[in-house]
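What follows draws every value from the coordinates through simple rules; no lab data is involved. Just so it is clear, the structure is predicted and the values come from calculations on it, not from any experiment. When we count neighbours, we look across all protein chains shown, and the Cβ atoms used for this are built from the backbone with ideal geometry, even at glycine.
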Amino acid sequence: MLDDIFEGTHGAESAKLEIWGMWIVLVSPDGIHWAPRTASGSLYVLASNGERLVAVGAAGAITTSLDGDSWTNRPSPYVIDLNAVTWTGAKFVAVGKNGAAFTSPDGLDWSSSGPGGGKNLKGIAYGNGLYVAVGNDTRINTSYDGVTWFR
């Protein structure tokens, strides 16, 4: 059951929990004891670069935290759902609705790099120098830099 409601982040003791359609950010110093924190917006997923947590979600919601306790909403010029975010070791990459893809070196300032194409992207992973974004209708997009994408 916990696997169904908790989704950890890489390099941080944080998780998200959905209760009746509302997202709550949880933090833990040890992975056993959890405490809720307030982060506004309808958030879908968290990523961490080891220093900053970045959460993305509905209607372009982007919020960040340095400690998991205090969260700051970041301005987003993009009013589309962001469904996934990852840290690559050099930058954050977020993907979402209508094939949108965005990059940020720090989680604060974002640039569009999307492949477009009208298919919703639901997940993003990075490894061995390759980005892989997956989405609806078996959509798979790849990139070597997070900016130029191939289908």
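Between Val147 and Asn98, what FRET efficiency comes out of the Förster formula 1/(1 + (r/R0)^6) with R0 = 25 Å and r the beta carbon distance, rounded to 0.05? The formula returns an efficiency of 0.90 here. Each 10 Å bin, from zero up to the one with the longest distance, holds this percent of the alpha carbon pairs of the stretch 34-151: 15, 50, 29, 6, 0.
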